[in-house]
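Everything on this sheet refers to the single structure shown next.
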Amino acid sequence: MERDKYIPDTFRILGKRGTRRIDGFRKASGTAVYTRDIILPGMLYAKWLTCPYPNAKIISLDTQRAEELPGVRAILRYDDPEVYGRRIPTLQGGEEDILAGYAYFQGQQVGAVVAADTEEIADEALKLLRVTWEKRPFILEAREALEPGAPLTRPEWRPKSNLMPLFFQPTDTFRFGDVEKGFKEADRIIEFKARRRYHGCSDAEPVSGITRWEGECAELWLHHQHPYEHKWMMNMWFGIPMSKVKINAPYNGAMFGGWNWIDYSMVPQYVSALLAKRTRKPVKWIFDRRDDFTFGSLDAMESEFKVGFKEDGTITAVKIKTYFENLSFEAGLHFVENTKIPNVESQTLVAQVNKGPVHAIRCEQLPPAFAAIHVFNHVAAELEMDPIQLALKNDGAEGEDIVKLEDFKRKHGFPLRDSLRECVEAGKKAIGWDEKWHAPGAHKLPNGKMHGMSFIWDHEWDDNRGAGAAGLMIQQDGSVSIIALRSDVGVNAESTYCQIVAEELGMRPEDVFLRQQDDVHLPLMTPDGSCNLTTNGYVMKKVAKRAKKKLLELATTTVHMIERDVPPAFPDMNPEDLDIKDSIIYVKKDPSIKKTVAEVVKDVKGSFMQKHEYGAIQNTTHEPIYAWAWHRQGRLGKEPGRQRLCRQAHFCEVEVDPETGEVEVTKVVNVNDVGKAMSPETVEGQQYGGTYMGIGRNRSEEYIWDPKTGVLLNGNLVDYKFASMRDVGPIETVIVETSLGLGPYGSVGIGEDVATDTTNLLQGAVYNAIGKWVDDGPITPKKVLEALGKA
Amino acid sequence: MKKFAHFNARSIDEAVSYLNRYGGKAHVIAGGTDLLGKMKDEILPKYPEALVNIRTIPGLEFVKEEGRALRLGALVRLEDIGKDAIVNKNYTALAEAARKTASPHIREMGTIGGNLCQDIRCWYYRNPHNRFPCLRKGGGRCYAIEGDNRYHSIFGGSVEEGCYAVHPSDTAPALIALNGRLKTSKRMLNAEDFFEVGVERTTVLDRDEIVTEIEIPTPEADTKSAFLKFAIRKSIDFPIVNCAAMITSKGGKVTDARICLNAVYVIPYRAKKAEEAILGKEISEKNAEAAGEAAVSDAKPLKDNRYMVQIARILVKRSILACK
Amino acid sequence: MKDSPNDKSRYLCPYCARVFDALEDLKTHVFAEHKDEPLRRPEGLIRLKINGEVHEVQVEPNWTLYQLIHDELGLTGAKMFCDRGACGSCTVIMEGRPILSCMTLAIECDGMEIETVEGIAAKEHPLIESYVKHHCMQCGYCTPGFVVTAKALLDRNPDPSEEEVKDALAGNLCRCGTYPQHPKAVLEAAQVLNARREVKNDA
């Protein structure tokens, strides 16, 4: 993978503020359509029986009364021959039961699915089912599940033990260097524990989807980040050719990964397709808000740390042992990716517990960010060292200091800028770090609260992965269509793609449009991994360049048609004599010679024997200006030898009420080196938006199960608490642009990293405020009071 | 939601008539912000067969100060109470409590009567489809005792049933601190006597009895009132602990004190020991702190809610100080 | 509620709700007082004005206002997010108040005037444009709820402070975290409206 060679010195559109979002008006005016909004004629609603117990198996299921309820059109039972015992492959890399006769978490969708005329009738029918269950013992804690002799939490899947195979890593212990050697070299060694409890609930729009059969063709409406991939799955599942599957990707009400990566997320669509076949009606499968509490984030973890370091702050060894619930991600990763720490050992034990499946909810880097930030917090505190100095001291990669990064920059033609230092300097100034930072517990405010500050840092995500394809057509009126299918999650990607095309092609931004909801067969990179702008950006650059070439050729070439020759718009010119700016083609040597793109592409006298100016029916003069491009950006994660050069830093100020334990966040500063900000407002949206999610979720979000029955107690949005507007104080966002990214124009991603890192922003601030650690997220007043010995 | 019959009552008599006709299977609906949630989740063993809308009854939405008392129609919206100039000036605790309730939208819909009559929020009681048929629904046991009780009572369970679910209202303790009264279709009740624990019951109201008016005597001179709420989020949330106080000070010494905590016990908790502790003393940090200590001296926290004792202690102290 | 002795059934006049102890008395009253009055409309037939247009609809008692406007009338701007009154995404303006349509029964809205986000956009209210300009949306699912709530604020308080804007929007949840942008957009829309008013006043 090489650095973008075509970075202009100046931009007309990119990087400027005030470019209009193409989805803004539709979303503000309520005309944007989401899957939840769609009702088709004759459509049925499919809802699932959910298990009332955390670990149970169906002994008997009587559906008769439900079948007799007027308005019930079909009931799919788990023992139906078409689904009984069957697991279907899913694109997430695994497989799942289509409809199990057993459950491993309370509220799991199992046993029966009812398709009825209305949602109310479906609910009523579900209540008429007579089910008897064999209740089995359940376990909610990972450690308990891994004790010898522990009862099986998901026996049909894991008949031998509750230890789960690792998904993202080959062995359960990740080793880099030699930690024992590192501990011997250390001046001091500390040990501590930290925990983050199960949280999730990421969808604003509770999940649903629609399948409709039209003869042997299928049409799907998907609230899912991977719409195009569903075509492949329909082929796998039902044997219909992908060319006969039509996808609709309406707008999505908040999608942050999560659901889309759970194996189960494709299963309801399969079920709706099956029911749609049987009933010969469109079927909308639908989860209500409680049903939607069916998965969580993969940082439900408990870690034990042992860290060795020198008096000057050089960290020599990090050893971690982590218990995870249901899925893991390598907790030691960031030490290797963006520090010079030479010795890291991280053991991962994943236990199947009786809670819903987990996956990356903005994002899978939560465990390594959690680990790195906790380690740096504790080492800085132990040494009574400014955490910023500690960070700068340990910046680097793969066990070597930043000289290694400098070498990489030189070799690949990157500017020699120190991203962390630049981020840190900008952030310090913004928050007043030098004036305000103090020893832990040392600053009591006039209002009686304890003032605290924290600093965290990490690399800036630049997965640089994925592939995308798009077409581009210049319409007869000179407007440009980007032709691609993609699921929107609100990060203003579509607008940015239009801006890239406008920049490269020379159009005004308002003349370029992308309608990504429709199945035009060419799929752009999915909104995953904070890397779709880096991948799709290249697609846009390529396709715009190709289209520009064709456009300028048309402008300078005589078109020979059957009835006539059409002279070029710019006679006696070559394409290299022309350029395009603001949707106008002009002669470079004499810009006063110009024609609009619209004039050049317009098909004069082209219509069917009519004198209309606009043609394109039977008498078309020239072929459409159409180009397409495909781009693949790289391997999943990071290729060996490739370094992450960009950094991010976040600061916060808190006031902790020592009498009530309340933690008030009074200021946050985000600093992100995104390489190049193509759309500054969009970058900022990910900064403050990510902060609200990150800080919010580590203050008030956790799933709470009843310890005695394993029932989820807070499966609603009154008791599961997202941050509201006033729950985080003013946020200042700073964008640094070092051009150190491998993405287009030197950019890197921004979608997930702020939310991931700021999830751990408060721990250090609370310690700085009260001199006590609350390393158990979410940081509630209860835990703060307990740390202070007042509860 | 499951089906039900619906009636728009045009008078109290008509509403009472429907309630009697359905013999306990009908519910009054005003703002609907509590009831509809219960119905959507079908938390109760029996689903209402009918709803009687009392918002169509004229003459129950007014705010008047007359004859040395504030009179509020039971249907006055919480938002209007929170914004009312007279309520803010003379009955501050109530205005602050109304303003801190829930969210702006809920306050635009929710009525003072409904807020006082609202049902408990215990997450066992509220689990959908009556998953936990607890004491409060006529079942055999309390599930919070052995379960997660981080938001439950710190002063023990209700005397008869042994229920530990707290009363969640913000306006209730304010009304009690302000020595308010409720007028129903049958009688006049002191606010303190209004709350009672029973099966699916949080008040002493008969099945066919409706609150029509709230009355608060105008506080005497040299009296201040205050209300404080502690919750996880700054909006939307129910209180973890709240506290209202009304204190009269003459010559630098407290001559009358009414302090009421809520969300700490099965009904609003009049902190009598705190009142005794501050009577006759000046309002100072030290004295307020002692009163706070006295307020929780009878606390019997459960395994998960010790921290609420500390918060209750502090809110009592701070609400006294706010009345200086 | 506590058991109370069963009241004797009494007879309600269907026209004026006066109560009578005996059926004969009720009959006399009806013929005397309401002889020429039209019959009441069937239960569930409601007439309401939405965005200035009159709708006469037969509703079931168990329909929420959200179901009526979103599912039946196709006004899909209001969104289902929490369905329990805790997020503000289903907000509409009724009687000038921002209320939660998912926690309101349709059958109780007879005679009401309701404004939804579609009506606000149709009027080209400056909020729409300022929301777009300030990037107040990401996924967009909560956006209509914010717009409607903000509009209700500006209708009553044309010159709010930043704190007043935040207080008004405190009940609207956004998972994407667009919060910091909303006060900016609302204050700008307020300025635009005030400027228009001044122009009108001067004219």
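The values are calculated or read from the model by the stated rules, or taken from the named source; none is laboratory data. Quick caveat, the model's predicted, so the values are computed rather than measured. Using ideal geometry, Cβ is built from the backbone for each residue, glycine included, and neighbour counts are taken over all protein chains shown.
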Got a sec? Which helices (runs of 4 or more DSSP H) wholly within segment B:8-106 have at least 2 residues that are touching a helix residue (DSSP H, G or I) at 6+ places or on another chain (Cβ under 8 Å) and either at pLDDT below 95 or more than 30 Å from A:ASP288 (Cα to Cα) (or both)?
B:78-83, B:85-90, B:92-100
Which condition number in (1) of a type outside the set (D, E, K, R); (2) facing another protein chain (nearest Cβ under 9 Å); (3) within 30 Å of C:CYS16 (Cβ to Cβ); (4) surrounded by fewer than 17 Cβ atoms within 10 Å (Cβ to Cβ) is the one that C:GLY74 fails?
(3)
For the list (1) surrounded by fewer than 24 Cβ atoms within 10 Å (Cβ to Cβ); (2) not hydroxyl-bearing (Ser, Thr, Tyr); (3) not in a strand (DSSP E or B), I need the number of the one condition that B:VAL316 fails.
(1)
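Quickly run through segment A:431-476 and pick out the residues that are over 28 Å from the mean Cα position of the chain (by Cα), among the aliphatic types (A, V, I, L, M) and over 30 Å from A:TYR497 (Cβ atoms).
Residues of segment A:431-476 over 28 Å from the mean Cα position of the chain (by Cα): A:431-453, A:473-476.
After this cut, where a residue has to be among the aliphatic types (A, V, I, L, M) as well, the list is A:431, A:439, A:442, A:445, A:450, A:453, A:473-474.
Once the filter is applied, which keeps residues that are over 28 Å from the mean Cα position of the chain (by Cα), among the aliphatic types (A, V, I, L, M) and over 30 Å from A:TYR497 (Cβ atoms), segment A:431-476 yields A:ILE431, A:ALA439, A:ALA442, A:LEU445, A:MET450, A:MET453.
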Can you say whether B:ILE236 is surrounded by fewer than 24 Cβ atoms within 10 Å (Cβ to Cβ), part of a loop (DSSP other than H, G, I, E, B) and β-branched (Val, Ile, Thr), as far as the supplied structure shows?
no
Within segment B:239-259, tally of residues that are part of a strand (DSSP E or B) and either more than 20 Å from B:VAL309 (Cβ to Cβ) or of a type in the set (D, E, K, R) (or both):
11
Filtering segment A:714-738 for residues that are over 22 Å from the mean Cα position of the chain (by Cα) and surrounded by fewer than 21 Cβ atoms within 10 Å (Cβ to Cβ) leaves a count of 7
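Within segment A:709-724, identify whether any single residue is at the interface with chain C (Cβ under 10 Å from one of its Cβ atoms), assigned to a helix (DSSP H, G or I), more than 30 Å from A:THR153 (Cα to Cα) and modelled with pLDDT of 95 or more, and answer yes or no. Walk me through how you get there before you give the answer.
Looking only at segment A:709-724, we keep the residues that are at the interface with chain C (Cβ under 10 Å from one of its Cβ atoms), and these are A:716-724.
From the residues that got through so far, the ones that are assigned to a helix (DSSP H, G or I) too are none.
The answer is no, given that none of the residues of segment A:709-724 is at the interface with chain C (Cβ under 10 Å from one of its Cβ atoms), assigned to a helix (DSSP H, G or I), more than 30 Å from A:THR153 (Cα to Cα) and modelled with pLDDT of 95 or more.
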Given the conditions (1) more than 18 Å from B:THR212 (Cβ to Cβ); (2) at the interface with another protein chain (Cβ under 7 Å from one of its Cβ atoms); (3) basic (Lys, Arg), which single one is not true for B:LYS25?
(2)
If you check A:ILE190 against the conditions, is it in a strand (DSSP E or B), surrounded by 16 or more Cβ atoms within 10 Å (Cβ to Cβ) and not acidic (Asp, Glu)?
yes
A:THR682 is checked against (1) within 14 Å of chain C (Cβ to nearest Cβ); (2) in contact with a Gly (Cβ under 9 Å, 6 or more places away or on another chain) and fails just one. What number does that condition carry?
(2)
Scan of segment C:31-70 for residues that are within 14 Å of C:MET94 (Cβ to Cβ), assigned to a helix (DSSP H, G or I) and among the aliphatic types (A, V, I, L, M), ordered by number
C:LEU65, C:LEU68, C:ILE69
Restricting attention to segment A:48-57, does a residue exist that is among the hydroxyl-bearing types (Ser, Thr, Tyr) and either closer than 30 Å to C:HIS134 by Cα or assigned to a strand (DSSP E or B) (or both)?
yes
Does A:LYS783 satisfy being in a helix (DSSP H, G or I), surrounded by fewer than 24 Cβ atoms within 10 Å (Cβ to Cβ) and out of contact with any Lys or Arg (no Cβ under 6 Å at 6 or more places or on another chain)?
yes
Answer yes or no: is there a residue in segment A:692-703 that is closer than 27 Å to C:VAL132 by Cβ, without any contact (Cβ under 8 Å) to a residue 60 or more places away in the chain and aromatic (Phe, Trp, Tyr).
yes
Looking at segment A:632-678 only, could you name the residues that are modelled with pLDDT under 95 and not in a loop (DSSP other than H, G, I, E, B)?
A:ARG632, A:GLN633, A:GLY634
Picked from segment B:298-312 (must be over 12 Å from B:VAL166 (Cβ atoms) and at the interface with chain A (Cβ under 10 Å from one of its Cβ atoms)), the residue surrounded by the most Cβ atoms within 10 Å (Cβ to Cβ) is B:ILE311
Do the conditions hold for A:THR153, that is, is it away from chain B (no Cβ under 14 Å), closer than 30 Å to A:GLN365 by Cβ and of a type outside the set (Phe, Trp, Tyr)?
yes
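Considering C:ALA121, C:ALA86, which residue is assigned to a helix (DSSP H, G or I), in contact with a helix residue (DSSP H, G or I) (Cβ under 9 Å, 6 or more places away or on another chain) and facing chain A (nearest Cβ under 10 Å)?
Working: C:ALA86 fails: assigned to a helix (DSSP H, G or I).
Step by step, each of C:ALA121, C:ALA86 is checked, and only C:ALA121 is assigned to a helix (DSSP H, G or I), in contact with a helix residue (DSSP H, G or I) (Cβ under 9 Å, 6 or more places away or on another chain) and facing chain A (nearest Cβ under 10 Å).
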If you go through A:SER487, A:SER454, A:SER481, the only one that is touching a residue at least 60 places away in the same chain (Cβ under 8 Å), away from chain C (no Cβ under 14 Å) and of a type in the set (Ser, Thr, Tyr) is A:SER454
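Can you name the residue in segment A:246-266 that is assigned to a strand (DSSP E or B) and surrounded by 21 or more Cβ atoms within 10 Å (Cβ to Cβ) and is also nearest to the chain's Cα centre (by Cα) among such residues? Outline the logic, then answer.
Here is the first cut: in segment A:246-266, the ones assigned to a strand (DSSP E or B) are A:246-248, A:251, A:257.
Applying the additional criterion that residues be surrounded by 21 or more Cβ atoms within 10 Å (Cβ to Cβ) yields A:247, A:251, A:257.
Details: A:ILE247: 21, A:TYR251: 15, A:GLY257: 4 Å.
That would be A:GLY257.
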